[in-house]
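The values are calculated or read from the model by the stated rules, or taken from the named source; none is laboratory data. Since we're looking at a predicted model, the values are computed, not measured. Here the Cβ is made from the backbone with ideal geometry for all residues, glycine too, and neighbour counts use every protein chain on show. Keep in mind that these areas ignore ligands, DNA and RNA; they rest on the heavy atoms of the full protein, side chains included. Shrake-Rupley method; radii C 1.70, N 1.55, O 1.52, S 1.80 Å.
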Amino acid sequence: MLSGCLYHILDYLIPHHYTPADKDVPQGKSKIQTNRSDASDDFLSLKYLSACKILEDYGTASRLLPYLPPMLFPAMLHAVAQKQFNAWNRTNCKPHHAATLSLVAIMNNWPFKEMIVRDLMPRWRNPFTSTSRRCWTITELQEDLNRFLYHFSLLVFHTYLSRFDGMKTEEKYILSKLDLSGYSGSLWDRLCLNKLEDQVMKAYKPNSSSDYHKCEFVIDVRKVELDKDMLNLLGVVCTLSLHHGAGLVVKFRNLNILSAFSKDIIPIIRLLAKNNATEYLELELCEVTNDAANSLGLMSETLVGLSLAYSHGFDSLQFIPLLSNLCQLNLSGIRLTGKLEPLCSLKTGLKYLKLVGCCITHTDLELLAKSHHTESLLQLDLSENSFNLPVNTASLCILCKKLSKVVVLELQNCKLNMVIQENLRIFVDVMKTLPELQILRLTDNDFSSRIIVEELPQLASSSALQYLCLTVPSDAYLSDDYNVTSRVIKKIQSDFTKCVETFSRNFHVEWKENVEYSHWYYSV
């Protein structure tokens, strides 16, 4: 998934609170969770409890695994993952040894043809009530979970490769597909790619019979600087995976390239088009010419997510309609004033749209409001665009009113603190009525302490909103005395909490310190 995309992992990150109003949602389920199977997040299910009991004794478990019914294996993987997450050393990133042995045993006896790890992970227990950390924020939790899943996936990956190495020529490996893609924090470095190249070349047997067994491996490659060696490396892996005799077929589901010149962009796009598996492509801080942008049409069949954040070289979005299956788009850091018409004419409705610092105006907001994206967007980020003028605020409210499905809305550093109070109340009223909005980020808008205490608590009356991000107001730092400043900040936060409690809701607020002032007052 594209970096910063939260809506697809809300089941893992956000604690859900249920009210009598949720009559159409099964007990223990959120509105989003209803799409997931019961076994994937029910810690009290008989299968999960049985799996925990089986894995208590590794010696017994290793002997039992070959004779257990297949239905227990996903539950056992849930149990191992949960135990690893609770016990692993976050400082040194060391996995729990006993759970590691159990995971290896489960991998060696996996009864299914496929293993798609992102679909097998459990919903984690509510971390906001954990006493192991001073404070959980949504960002910290996402990063922590991604770090864990990276190390967990690496263990699965090495177990897979070690068994693949020991396989006899005539033996048919039961696991024909391993998919470790889908987590935004996965950092597969060049060493991993080199090892993949070695494994692909080792498994390549061009003179094999027509019924040779193929093992497919799906991977994300992220945060790589594209150079000649990297291009050759990806070229070898992609090319050999297509040839007759390919024993280990590698598919790249997500490729993130940080910094590349235009001469390398088109060759990598052609490689990925041949690979025919890339769903998410991120070309950040790259030189993307109009020709390179148009060549993205070669990937139109598979590409569902595209990021060109802070890239340069193209002067229009005429290539966007070529990507008929696009669902996620990040165009941050690109001046798009008056250029959104091709985006709004895209046939498929976007689920994720990030337009940070794009200098969009009221005309662009009105164009978005008329598009069919308003009916499909689950996450929208319009941060670092100025909406302080009345005409911009009005257009923003018109757009937000139509976001019937939006779950995450980010409006950081949009100068909303400069909006006149009447328009701010209209904005708050619109936010309250959004039926699916769960996360609202309003940090770096520097609302005054009076506005925070008097106006913003009304957001807690929303039936859906669970998580609000605010910045400590700058007027809290007026004193030169640290103790006085600390008391003022605590009082503002306490007053806000008391106002929220009047709505009788569990409502989590993340406070961000005002960076412009905090360094000064901490160093006094």
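Descriptive notes on the structure:
- Lysine-lysine proximity count for the stretch 372-524, Cα under 30 Å, sequence distance 8 or more or distinct chains: 24
- In this structure the stretch 430-507 gives 42 Å² per residue of accessible area when probed at 1.4 Å with all protein chains present.
- The value for the stretch 234-345 of Rg(Cα) / (2.2 N^0.38 Å) is 1.08.
- Sorted largest first by accessible area at a 1.4 angstrom probe radius, with every protein chain in place, the residues Trp511, Trp110 fall in the order Trp511, Trp110.
- With 0.36 nm allotted per residue and the present C-alpha distance subtracted, the Ser176-Lys402 stretch has 76.9 nm of extension available.
- Ligands, DNA and RNA aside, Leu258 has an accessible area near 50 Å² when probed at 1.4 Å.
- Non-local Lys pairs in the stretch 246-382, i.e. 8 or more apart or on different chains, that have alpha carbons under 20 Å apart: 9
- Checking every one of the chymotrypsin sites (Phe, Trp or Tyr not before Pro) in the stretch 243-322 against DSSP loop status and a limit of 14 other Cβ atoms within 10 Å picks out Phe261.
- 11 Å beta-carbon shell around Leu272, net charge (K/R +1, D/E -1): +3
- Going by accessible surface with a 1.4 Å probe and the largest first, Leu368, Leu271 read Leu271, Leu368.
- Counting heavy atoms of the protein chains alone, Cys238 has an accessible area of about 0 Å² for a 1.4 Å probe.
- Val509 versus Glu225: modelled label distance in nm, points set 7 Å from Cα along the beta carbon direction: 4.4
- Apolar share of the accessible surface for the stretch 44-83: 68 percent from carbon plus sulfur atoms, 1.4 Å probe.
- Accessible surface ranking that places the most exposed of Arg222, Arg63 first, with a 1.4 angstrom probe: Arg63, Arg222
- Extension gain for Lys432 to Asn290 (0.36 nm times residue separation, less C-alpha to C-alpha distance): 47.0 nm.
- Solvent accessible area, Å² - Asp198, 1.4 Å probe, full protein context: 90
- Percent carbon-and-sulfur accessible area, the stretch 385-458, ignoring ligands, DNA and RNA, probe 1.4 Å: 52
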